[in-house]
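Please read the structure below before turning to the comments.
The values are calculated or read from the model by the stated rules, or taken from the named source; none is laboratory data. Worth saying up front: this structure is predicted, and the values here are computed from it rather than measured. Methodologically, a virtual Cβ is constructed for each residue, glycine included, from the backbone with ideal geometry; neighbour enumeration extends over all protein chains shown.
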């Protein structure tokens, strides 16, 4: 029995025994950081997040100021944060470099003290997680807290990379606002007209846009609470239950953008 027990123990500990790696690429040579290197950084510190997005309660982390890992980052650049599950958060560099309240931190999971399972279906949030102190100061959305991070890279902005999701210049102000909200929230999980880097959720325009098969009240309720439409324990979408995650005005704007895009399908 002893060899079998040793084998089982090794299988349980193997994910923590292997050094986790985070790839950072700002376009002038990629840098790969290991867990050990990050925990040994001179500016690693303990941060407390009172209302953590992944765990939905107060959490304390060993974390490094994200700016310290992005030397030479310019405010006009754009960053993409790619998670191991296909989530791809798009965040302008100006939000990261903001010094007027909000601060971005890379939380690093110590293999000797692993974090508990998250509130998001029991997923593990480690080994790397982007967290914020005072997120309200920079209007940081819940979709800008990517966990299970694997890569941070500087790339062109969404508008330049994916013209198929752009509303035309003739679109009204509400549609344009909805597009801005869509980029910061929905686009982290979904594609539109087959365009986008996210791999977590379905396309929101092809073959059918949700506004084409759901009543407005049902779609609104689904965005707030996906379980209100279909109860499914394995659902990945957590929704935007309160104005803190998405205001009513922003939700109205997203629906206006979706209705607009239903009339502007572009085959990939």
Looking only at segment 164-207, count every residue that is more than 15 Å from residue 260 (Cβ to Cβ) and without any contact (Cβ under 8 Å) to a residue 24 or more places away in the chain and tell me the total.
5
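Rundown of residues vs (1) modelled with pLDDT under 95; (2) loosely packed, with under 12 Cβ neighbours inside 10 Å; (3) under 22 Å from residue 145 (Cβ atoms), yes/no style:
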residue	(1), (2), (3)
8	yes, yes, no
14	yes, yes, no
47	no, no, yes
57	yes, yes, yes
69	no, no, yes
Residue 170 - would you say it is out of contact with any helix residue (DSSP H, G or I) (no Cβ under 8 Å at 6 or more places or on another chain), surrounded by fewer than 17 Cβ atoms within 10 Å (Cβ to Cβ) and modelled with pLDDT under 95?
yes
One residue from 125, 119, 107 being buried (at least 18 other Cβ atoms within 10 Å of the Cβ) and farther than 19 Å from residue 37 by Cβ:
125
In segment 152-161, how many are at pLDDT 95 or above and crowded, with 17+ Cβ neighbours inside 10 Å?
2
So for segment 187-203 (the condition being at pLDDT below 95, in a helix (DSSP H, G or I) and surrounded by 17 or more Cβ atoms within 10 Å (Cβ to Cβ)), does at least one residue qualify?
yes
In segment 236-268, how many residues are assigned to a loop (DSSP other than H, G, I, E, B), touching a residue at least 60 places away in the same chain (Cβ under 8 Å) and surrounded by 13 or more Cβ atoms within 10 Å (Cβ to Cβ)?
8
Which of the residues belonging to segment 204-221 are surrounded by fewer than 19 Cβ atoms within 10 Å (Cβ to Cβ) and either touching a strand residue (DSSP E or B) at 6+ places or on another chain (Cβ under 9 Å) or farther than 17 Å from residue 253 by Cα (or both)?
206, 207, 208, 213
